[in-house]
1. Against the conditions (1) in contact with a Leu (Cβ under 8 Å, 6 or more places away or on another chain); (2) surrounded by 20 or more Cβ atoms within 10 Å (Cβ to Cβ), where does Asn148 fall short? Just the number, please.
2. With the structure loaded, tell me whether Gly106 is at positive phi, small (Gly, Ala, Ser), touching a Leu at 6+ places or on another chain (Cβ under 9 Å) and surrounded by 13 or more Cβ atoms within 10 Å (Cβ to Cβ) or whether it fails that test.
3. If you go through region 157-172 one residue at a time, do you hit one that is over 23 Å from Asp223 (Cβ atoms), in contact with an Asp or Glu (Cβ under 9 Å, 6 or more places away or on another chain) and not in a strand (DSSP E or B)?
4. Taking region 71-96 only, how many residues are outside any loop (DSSP other than H, G, I, E, B) and surrounded by fewer than 19 Cβ atoms within 10 Å (Cβ to Cβ)?
5. Leu179 fails exactly one of the following numbered conditions: (1) touching a Leu at 6+ places or on another chain (Cβ under 8 Å); (2) more than 14 Å from Thr5 (Cβ to Cβ). What is the number of that condition?
6. Have a look at Ile139, Ile152 and point out the one that is under 27 Å from Glu202 (Cα atoms), touching a strand residue (DSSP E or B) at 6+ places or on another chain (Cβ under 6 Å) and either touching a residue at least 24 places away in the same chain (Cβ under 8 Å) or of a type in the set (A, V, I, L, M, F, W, C) (or both).
7. So, in region 190-229, exactly how many residues are surrounded by fewer than 22 Cβ atoms within 10 Å (Cβ to Cβ) and either at pLDDT below 95 or in a loop (DSSP other than H, G, I, E, B) (or both)?
8. Can you name the number of the only condition in (1) at pLDDT below 95; (2) aliphatic (A, V, I, L, M); (3) touching a strand residue (DSSP E or B) at 6+ places or on another chain (Cβ under 7 Å) that Val124 fails?
Amino acid sequence: MTDDTEVLVTGLVFPESPRWRKDRLWFADQHARRIMTVTPDGCSECRFEMDDLPGGLGWLPDGTPLVVAMTERAVYRIIDHGLVLHADLSDLAPFHCNDMVVTADGRAYVGNFGYDLHGGEPPVETHLIAIDPDGQCRIAAEGLVFPNGSVITPDGTTLIVAETFASRLTAFLIGDDGLLHSPHLWASLGDATPDGICLDSEGALWVASPGTRSVIRVSQGGDVLSLIRPTGIPYACMLGGPDRRTLFVLSAETDDPYQAIIMESGRIEVAEVAIPGAGLP
């Protein structure tokens, strides 16, 4: 099954890390160094500008936003339109940090490239970093190839991470101490390159795959249940909207930092799907 998308927003540089919160989509326009929101009717707004590249987004239980500073390899709290250091990851992350997922009790898990992707280095294994609500951080799981988008199941017991250049989704059980254990293959994705992912209420994952220019809905074990081919190259996706049945697809024509700034080809695209998103809006 193939569905078309509608283009909701154009003129972005490189949209990434979408999160549905309350009544709008939050995302990082990464190479424009800004955090933005957009409503389902397409009204976009710049919420915050950064000196670094913004990566993953999340919120602490009290509603304080968190953002990854990619090249600095740090996570900041956004307070009163300013940044306050939440965790310094520079001793733990060997190269740029990227996406992040935050649990209901405020523990964050942050991935990292592991190597200089755009500099042409070969892929190497790296790890996920856990950040406790008080900002203390440690390595939570090792042996991952470009850990990228992550989700946590609604019961809070399992984290699933996209390993982009291993073409697989890997699941971990979350220990009481926040460390990840019992890794197991959730799905092998063939030629797909999983980047951003989101979970629906039936336990399936929507997976943005820039390498195949598609967004696929996958069940545990790897069966492809649906496939969407958006206008642009999809890098991330998120279920949202009033009934959580709008699939927001973040796309662009390139992930090269310099070309992205020149082209401004970033888009927010939307498709209506049958199964709503999992978890709280």
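1. Every condition holds for Asn148 apart from (1).
2. Here the answer is yes, as Gly106 does meet what is asked.
3. Checking region 157-172: not a single residue is over 23 Å from Asp223 (Cβ atoms), in contact with an Asp or Glu (Cβ under 9 Å, 6 or more places away or on another chain) and not in a strand (DSSP E or B).
4. Residues meeting the conditions: 7.
5. (1)
6. Ile152
7. Going through region 190-229 one residue at a time, the tally reaches 14.
8. Checking Val124 against (1) at pLDDT below 95; (2) aliphatic (A, V, I, L, M); (3) touching a strand residue (DSSP E or B) at 6+ places or on another chain (Cβ under 7 Å), the one that fails is (3).
The values are calculated or read from the model by the stated rules, or taken from the named source; none is laboratory data. None of the values given here were measured: they were computed from a predicted structure. Reconstructed Cβ throughout: ideal geometry from the backbone, glycine too, with neighbour counts over all protein chains shown.
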